[in-house]
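Here's the structure, in structure tokens; my notes come after.
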There are 2 protein chains.
Amino acid sequence: MEIKDKIKEKIGIIGGGQLGKMMILEAKKMGFYVIILDPTKKCPADSIADEHIIADFDDKAAIRKLASKSDILTYEFEHIGVEVLKDLESEGHKIYPTARSLEIIQNKFHQKNMLSQNNIPVPKFIKVSSIDDIKEAAQKFSYPLMLKSCTGGYDGKGNIVIDSPKDIKKSYQQLGGDNAKLMVEEYIPFKKEISVLACRGLNGEMKVFPIAENVHKDNILYETKVPASIAASLKEKADKLAFEVLEVFTGIGMFCVEMFVTESDDLLINEIAPRPHNSGHYTIEACLTSQFEQHIRAITSLPLGETTLLRPAVMRNILGSGSEGKAKVVGLEAALAVEGVKVHIYNKNIARPGRKMGHLCVLAENRSEAEKRALEASKLIEIKGEI
Amino acid sequence: MEIKDKIKEKIGIIGGGQLGKMMILEAKKMGFYVIILDPTKKCPADSIADEHIIADFDDKAAIRKLASKSDILTYEFEHIGVEVLKDLESEGHKIYPTARSLEIIQNKFHQKNMLSQNNIPVPKFIKVSSIDDIKEAAQKFSYPLMLKSCTGGYDGKGNIVIDSPKDIKKSYQQLGGDNAKLMVEEYIPFKKEISVLACRGLNGEMKVFPIAENVHKDNILYETKVPASIAASLKEKADKLAFEVLEVFTGIGMFCVEMFVTESDDLLINEIAPRPHNSGHYTIEACLTSQFEQHIRAITSLPLGETTLLRPAVMRNILGSGSEGKAKVVGLEAALAVEGVKVHIYNKNIARPGRKMGHLCVLAENRSEAEKRALEASKLIEIKGEI
């Protein structure tokens, strides 16, 4: 009998940013061959990928080339033209998460609809085709409202809070008006934002990571603290919800399920990402298996790994500072001198204010100590753009 | 003031085997650029290095080329012609550990002499220039004796146990006789073999990892168990000895100090490796900082990381089985299905019985559980050669 040598399988990743890079670092431990597709020659994952197809993400021929070279396709971001992926799937290519689940998730309205139809709690929402739809939402949900682009948004891009009737027209036009796919959601005055990193294998096996508590600033993830300081019963509920989400989308691989904890301690799904997520970076140091290893295991049909939290952890992003320009790392020594600090530098050539250039993660005996040290270290390191 | 951008520094590694690969995986997290020198085109570190100089290890011109491309040179094994490194150092190149410490350590007789002169306990030993020297040793130390090649040995190669006078001549000739550099040591009937992984930074800062307990089979490391089951007082003594060794050699970077625990609970230094070591692989999963990250931090003048043990751990090597031939991994799924198991595959193209092809590491709540699972997983996975 021919026994299959799993590590001879080639993994193709659409995208070679920091998530792709961190996937490869785990895939390489286990010996996989990895090919990336990314338009940027010196993207973060370039130097550690076995092959790099330099092409735009909407270059269908290039995606086909990647598929032809790979045994399994995955991706590090959800804004991919899904048609070519569906065609490839129908031709027999393995793509995880599947094109079908990506198609629904990448449109926020379809995503929310799917969740809602499956009795998974989400903020109230309606589709917006005209200014009148927003006015209708205002009557139903009252102000403030969240106006959102259904596709393409990330890190708060594509989201506008509407505080009063006079903002409606401007906001509507700002997000593309009649030519755009938009939706409106009720604004949730949440107590906490949490994310549940969860993974489902090809055989239906599911594992969830310790729940993370997130703090955003200017719509960008700023800090993730683990364990989340919420009641055990709420954790249990959140885990259950995440598993339901995976089942609903027949998810294969890592998913991030972001949730709001409301004033009344209810959970509402905010957003879903069908991939490893910024709020799961803490798992690299703090868990027995990282979200990246878990993703690689899931898409290559390997058993999922244990997700035990080894120590409380706090992650902070290192965003670009200064001007837009050639990236320069300043203060790495000082940050690493803080106890328990790990620094990840993504190697993006160009820094821009607000761009994710790296992150740091601190493990400590307790969460408040980790928070203190993360704050201290984050003040000491900077990745700035120089003209 | 010009602020130096540390991660712009390029690290050159002589050797692209599994140790080089694991160094790069850590260096890449922090964003360093890495160049390797290795004669094998598809060596383990090839696919993740930024550049690969394909050349023999004794190719001085190639080592010079590596040095000219790198800001810092290091190495993953100690059998390197030290002359070119000394020349490069005198020309201003940074090489860590230094050529001087490598020169002494790579000759086992000089290594032991240096230790002994600094009152660090070692087994009794003498230099061997003739058969008579061995006979003299037999009178002094009594049988069995350890006959060792002073240079070039590893994994027991170059070591012979002499049990009685009649074995002397044969053993002497087997290791090269009059043409070889040999030494004889007393045979130590040890209770335990332990290794202390320790690191010294450029500023003299030193950190030690939790002490590991090793089991060898056929002279190859077979299993490493952490924490070592030895008394706290002995641990303290071992740590102190390791620090003394680092000071004696003015070590920069990771060192492995292998020690015997004698029947009377004394410690004797067996061997020193001026680099990350097989018995320190457990640190990747089980410690806050791995030996590879620590090495990278030390040689790039970054502060050393915390070495806290997060969980008891057991590491087992995956040695080649079957015939010499194209490597094939069998049973990866089964091994990964055992709780808490991590598998590292080195991607060596050719498997040979006894060749180090990968390793596995198991973390558990207690050491005996980790031992049990490591044994179970090691029976399930195989990397075999196929003709």
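With the cut-off at under 17 Å, measuring from each backbone N in the range B:361-387 to a point 7 Å along the Cα-to-Cβ line of B:Thr40 picks out B:383-387.
First check a/c for chain B, with a ≥ b ≥ c the square roots of the eigenvalues of its C-alpha gyration tensor; if it is under 1.5, answer rounded, and if not, answer prolate when a/b is larger than b/c or oblate otherwise.
Cα axes put chain B in the rounded bin.
A:Asp50 exposes around 50 Å² of accessible area when a 1.4 Å probe is run over every protein chain in place.
Label separation (A:Glu365 vs A:Asn119): 4.7 nm, computed from points 7 Å beyond Cα along the C-beta direction. Taking the Cα centre as origin and putting +1 on Lys and Arg beta-carbons and -1 on Asp and Glu beta-carbons, what dipole magnitude results for the protein assembly as shown, to the nearest 20 debye? The dipole of the protein assembly as shown has a size of about 640 debye. Taking the 1.4 Å solvent-accessible surface of the range A:124-186 as the whole, the part contributed by carbon and sulfur is 47%. Distances between copies at B:Asn219, taken between label points 7 Å from Cα along the C-beta direction, are 6.6 nm in increasing order. In terms of the mean number of neighbouring beta-carbon atoms within 10 Å, the peptides B:97-107, A:191-201, B:318-328 order highest first as A:191-201, B:97-107, B:318-328. Between chain A and chain B, the total buried accessible area stands at approximately 4200 Å², from heavy atoms with a 1.4 Å probe. Simple rule: put +1 on each Lys or Arg Cβ and -1 on each Asp or Glu Cβ in chain B, find the dipole, and look at B:Phe77, B:Ala62, B:Thr98; the Cα lying farthest toward the positive end is B:Ala62. The phi torsions of the range B:310-322, fed into the Karplus equation with coefficients 6.51, -1.76 and 1.60 and a -60° offset, translate into couplings of 7, 7, x, 9, 10, 10, 10, 6, 9, 8, x, 10, x Hz, rounded to whole numbers, with Gly and Pro shown as x. Counting, for every residue in A:37-48, the Cβ atoms of other protein chains within 10 Å of its Cβ and taking the mean gives 2. Solvent-accessible area per residue in chain B equals 38 Å², computed with a 1.4 angstrom probe and all protein chains kept.
From most to least packed by mean Cβ count within 10 Å, the peptides A:155-163, A:77-85 give A:77-85, A:155-163. A Förster distance of 45 Å, applied to the separation of the beta-carbon atoms of B:Asp133 and B:Glu9, puts the FRET efficiency at 0.45.
Sum up the charges of everything whose Cβ sits under 14 Å from the Cβ of B:Pro121, counting Lys and Arg as +1 and Asp and Glu as -1, but leave B:Pro121 out. In short, -3. Neighbours of B:Lys86, meaning other residues whose beta-carbon lies under 13 angstrom from its beta-carbon, give a summed charge of -2 when Lys and Arg score +1 and Asp and Glu score -1. Rounded to the nearest 500 deg cm²/dmol, what is the calculated helix-only ellipticity per residue at 222 nm for the protein assembly as shown, with -39500 (n - 2.57) per DSSP H run of length n ≥ 4? The per-residue figure over the protein assembly as shown is -8500 deg cm²/dmol.
Quick one: length gained pulling A:Ile387 to A:Leu375 fully straight, 0.36 nm per residue minus the C-alpha distance?
Between A:Ile387 and A:Leu375, full extension yields 1.5 nm more.
Modelled label positions at A:Glu244 and A:Asp178, each set 7 Å beyond Cα in the direction of Cβ, lie 4.0 nm from each other.
Net charge dipole, chain B: roughly 520 debye, given to the nearest 20, about the Cα centre with Cβ charges of +1 for Lys and Arg and -1 for Asp and Glu.
Take B:24-32, A:165-173, B:367-375 and order them by the average number of nearby Cβ atoms within 10 Å per residue, most first; the result is B:24-32, B:367-375, A:165-173. Under 5 Å from the amide H of A:Leu221 lies no amide H of any residue 5 or more positions distant or on a separate chain, with H modelled from the backbone and absent for Pro and chain starts. Taking the three principal axes of the alpha carbon atoms in the range B:124-186, the coordinate ranges are 27, 21, 18 Å, sorted in descending order.
Averaged across the residues of B:339-345, what count of C-beta atoms belonging to other chains lies within 10 Å of each residue's C-beta?
5
Hydrophobic, long helices, defined as DSSP H runs whose alpha-carbon span along the helix axis is 27 Å or greater and whose mean Kyte-Doolittle value is at least -1.0, do not occur in chain B. Distances, shortest first, from the label point of A:Glu244 to those at the same position in the other copies read 6.5 nm; the point lies 7 Å along Cα to C-beta.
Label zone (A:Lys326, point 7 Å along Cα-to-C-beta; backbone nitrogen cut-off 20 Å) within the range B:1-37: B:1-11, B:31-34.
Computed over neighbours whose Cβ is under 12 Å from that of B:Phe255, the net charge equals -2, Lys and Arg +1, Asp and Glu -1. With Cα atoms defining each centre, the range B:6-20 and the range A:169-229 are spaced 39 Å apart in the structure. Heavy-atom accessible area with a 1.4 Å probe sorts A:Thr224, A:Thr250, largest first, into A:Thr250, A:Thr224. With a 10 Å cut-off around each Cβ of A:307-316, the average count of Cβ atoms from other chains is 2. What whole-number distance in Å separates the alpha-carbon centres of the range A:50-102 and the range A:352-376? Using only Cα atoms, the two centres lie 34 Å from each other.
The values are calculated or read from the model by the stated rules, or taken from the named source; none is laboratory data. Keep in mind that what you see is a predicted model, and the values were worked out from it rather than measured. Glycine gets a Cβ as well: all are built from the backbone with ideal geometry, and neighbour counts include every protein chain shown. Areas reflect the complete protein model, heavy atoms only, side chains present, ligands, DNA and RNA absent. Shrake-Rupley method; radii C 1.70, N 1.55, O 1.52, S 1.80 Å.
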